[in-house]
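Notes follow the structure.
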Amino acid sequence: MPSLKDAIANAKLPNYVPAPAAPTAVSVQPPPASTNSNMRFILPPFNADPDSVRQFESNSPKIRIWPRPQQTGGPSNITNTATATAVSSSSSSSATVTLLPKTAVFTTNLLPAGSSYQTSLQFSKSFQLITVTANTPCEVRIYGTQQAQAFDAPRPTGNPVPPEISQNILTCVTLSTSPFLWGWQDRCGANQDIPQSSTIYVTVFNVVPTSAAPATVSITFLPLETT
């Protein structure tokens with residue numbers, strides 16, 4: 001029996017032709033030396049940015065934003081000082097001002113159900129409220145002008161202040177649960193009379209219909225002006 005090579009060589013195969021020679025493999029050129037060595041592929045990533053697209057600059061990304069300002073010197077200490085300058089001399093003197101909280105205490109008259117007590121106190125031209133206390137349930141309202149105090153008098157106790165008429169209404173606190181104490185956070189006020197003075201206007205409402213006892217109210221504040 002002839003071999004397969006001899007059988008194919010002697011056979012007549014008109015529809016067959018010799019297979020072409022295998023093409024020569026194309027060698028892959030290495031990337032240039034200036035390409036970023038951290039890139040996994042020669043094409044930029046999908047989330048391309050200037051640093052990943054422009055690979056010819058360097059192998060390290062660049063931050064293209066304004067540099068942050070350099071902090072110089074140590075921590076600064078703020079001291080509240082008041083400077084007084086004489087008219088007839090160019091010299092000036094400096095004195096340290098100490099801010100100390102103060103407390104204003106007053107007692108109302110008899111407060112029947114639905115009645116209120118209006119008064120004025122001497123605070124400071126501008127001040128920061130700290131706490132208010134009372135010996136009985138009541139509602140305390142503080143105003144910057146007497147006009148605002150009179151305008152707000154008909155508002156029932158417990159109702160919020162309408163936004164459109166809240167000017168010069170500094171605060172409105174209802175003390176209904178013992179201990180009758182309320183502490184403010186970042187609540188500042190100022191007298192808005194013309195000319196400006198140190199007077200502040202306070203109204204106290206009775207919130208207990210079955211009692212008419214007077215209320216003793218204490219308001220602690222921090223004066224922000226010495227005059």
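What follows draws every value from the coordinates through simple rules; no lab data is involved. Note that the coordinates shown come from a computational prediction; the quantities given were computed from them, not determined experimentally. For neighbour counting, all protein chains shown are included, and Cβ atoms are generated from backbone atoms with ideal geometry for every residue, glycine included.
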Task: Potential extension, residue 27-residue 226 segment - 0.36 nm per residue separation minus Cα distance - done: 62.8 nm
- [ ] Go through 176-187, 100-111 and give me the packing order, highest mean Cβ count within 10 Å leading.
- [x] 100-111, 176-187
Task: Charge tally in the Cβ shell below 15 Å around residue 128, where Lys, Arg are +1 and Asp, Glu are -1, residue 128 excluded - done: +1
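What FRET efficiency comes out for residue 146 versus residue 212 if R0 is 25 angstrom and r is the Cβ-Cβ distance? Round to the nearest 0.05.
Working: r = 26 Å, r/R0 = 1.03.
Efficiency computed from Cβ-Cβ geometry: 0.45.
What full-extension length gain, to one decimal in nm, is calculated for residue 126 and residue 102 as 0.36 nm per residue of separation minus the Cα-Cα distance? The partial results should precede the final answer.
On the way: separation 24, 0.36 × 24 = 8.64 nm, distance 1.30 nm.
Here the answer is 7.3 nm.
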Task: Stretchable slack from residue 6 to residue 178, in nm (0.36 nm times residue separation minus alpha-carbon distance) - done: 50.2 nm
Open item on the list: I want to check the label-to-label distance for residue 164 and residue 188. Put each point 7 Å from Cα in the C-beta direction and report it in nm to one decimal.
Closed with: 2.9
